[in-house]
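Heads up: the structure comes next, in structure tokens.
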Amino acid sequence: LFAAVEMAPRDPILGLNEQFNADTNPAKVNLGVGVYYDENGKLPLLRCVAEAEAQMQAAPKARGYLPIDGIAAYDQAVQGLVFGADSAAVREARVATVQALGGTGGLKIGADFLKRLSPDAQVLISDPSWENHRALFTNAGFKVSTYPYYDAEQRGIHVAGMLATLQAAAPGTIVVLHACCHNPTGYDLSAEQWAQVVEVVKARGLVAFLDMAYQGFGEGIAEDGAVVQQFLAAGLDFFVSTSFSKSFSLYGERVGALSVVCVSPEEAKRVLSQLKIVIRTNYSNPPTHGAQVVAMVLSTPALRAMWEEELAGMRLRIREMRQALVAELKAAGVSQDLSFVTRQKGMFSYSGLNAAQMQRLRSEFGIYGVDSGRICVAALNGKNLKAVAAAMAAVIAG
Ligand code: PMP
């Protein structure tokens, strides 16, 4: 049966991790990951999460099946966070939200639903994008192309190219957009540029799919969600996938959601019924633990305040690391303009280093980033920063 099965290519980032683990260099640093580490290089367990779990353990409950669309209080909390509890769309029950297996699960449910709805639609993702966007939508049966995004020369976004591609897209084209903290580049559109995107999406009748995997890691919870408000204000129907992997440091619990904004509550009910079929025929219903933790934290004022403070702590530490990296690179003799590093948002930085330089960082210095030049700023800390900057300066000098 399996004689003809071919070996699938390795996931490039997981492959990098394996290479890192096998490296015997005691000074090695892993900047290839997409994970937030604290100042001590440890994956944090947030206090708000530990506190919620302690409360849950104090009154243990049996675990029956959840509804197909997940915990109602969780879905409601997601809506409050993503759209604002007093947003008209939420108040009017025009948003269909389902609990999902991480942000990936939200994207997958959305992709499968869209395939049933518009089987011939094209999908556009940013160039470059999180690698899984292409794979997810391709596996759902779509033809996936890209819109220009990263402008290497300008160290920024090719906004004109992006808008021109959206302008030329056929009505009904699905456009996957990073709501904030673009992965992998770190470059986000300004509010004015988003307004232009919203305008084209509306004028051309495109379908916006906002991927919000890092809400709170850029400028703040509301600030990072501002683009959602722009889409709401334009009166569009659109998709938003949510991930709590990073913002709650709950990577392994697979906590996320998919929300679909509709024009009427009646339409939202029909959409919800279809999302439930997608879920039912994939994994039946979601797991309890992570969503219970997130729902409790978001809806308990003291825990919520604690979470917001802890999230701000992660956000600020990343910003400090960006500033410190620039300072150390300058101290190590790098003379080029490095302001792009602090302009970027979220966990990642497109460092501007090429594949050969990234390979040298690995082989000579034990510093692991992605060949595209992407490094995870959230994996930098006071202990590894100087060595990373010195190594980067050495490969930049050539
Ligand atoms: N979208 C983007 C842009 C991401 O970077 C990630 C995670 N790295 C995800 C979605 C998926 O998140 P999750 O781990 O919650 O599935």
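The values are calculated or read from the model by the stated rules, or taken from the named source; none is laboratory data. None of these values were measured; they are calculated from a predicted model. FYI the Cβ positions are ideal-geometry reconstructions off the backbone, even for glycines, and counts take in every protein chain you see.
Listed values, structure above:
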item: Criterion (surrounded by fewer than 16 Cβ atoms within 10 Å (Cβ to Cβ) and either under 24 Å from Phe348 (Cβ atoms) or in the same structural domain as Lys345 (by TED's automatic domain parsing) (or both)) met by exactly one of Glu199, Glu192; result: Glu192
item: Looking only at the stretch 249-266, and only at residues there that are more than 9 Å from the ligand (Cβ to nearest atom) and crowded, with 24+ Cβ neighbours inside 10 Å, the one that is farthest from Tyr36 (Cα to Cα); result: Val261
item: Subset of the stretch 129-149 [in contact (Cβ under 8 Å) with a residue 60 or more places away in the chain and either surrounded by fewer than 19 Cβ atoms within 10 Å (Cβ to Cβ) or not assigned by TED's automatic domain parsing to the domain that holds Gln292 (or both)]; result: Glu131
item: Inter-residue pairs, beta-carbon under 8 Å, first under 14 Å from Gln336 (Cβ atoms) and in the stretch 386-398, second basic (Lys, Arg), 6+ apart; result: Val395/Arg360
item: Condition broken by Pro26, with the remaining ones in (1) within 20 Å of the chain's Cα centre (by Cα); (2) modelled with pLDDT under 95 satisfied; result: (1)
item: The lone exception for Asn354 - which of (1) crowded, with 16+ Cβ neighbours inside 10 Å; (2) free of Cβ contacts under 8 Å to residues at least 24 places away in the same chain it fails; result: (1)
item: Unmet requirement for Thr97, which otherwise passes all of (1) more than 21 Å from Ala291 (Cβ to Cβ); (2) of a type in the set (Ser, Thr, Tyr); (3) not assigned by TED's automatic domain parsing to the domain that holds Ile318; result: (1)
item: Complete set of residues in the stretch 267-303 that are basic (Lys, Arg) and surrounded by fewer than 16 Cβ atoms within 10 Å (Cβ to Cβ); result: Lys269, Arg270, Arg280
item: Test: Ala22 is surrounded by fewer than 15 Cβ atoms within 10 Å (Cβ to Cβ) and assigned by TED's automatic domain parsing to the domain that holds Arg360; result: yes
item: Tally of residues being more than 20 Å from the chain's Cα centre (by Cα), closer than 24 Å to Gln230 by Cα and surrounded by fewer than 20 Cβ atoms within 10 Å (Cβ to Cβ) across the stretch 81-120; result: 7
item: Test: residue in the stretch 55-68 that is closer than 30 Å to Ser349 by Cα and either exposed (fewer than 15 other Cβ atoms within 10 Å of the Cβ) or out of contact with any helix residue (DSSP H, G or I) (no Cβ under 9 Å at 6 or more places or on another chain) (or both); result: no
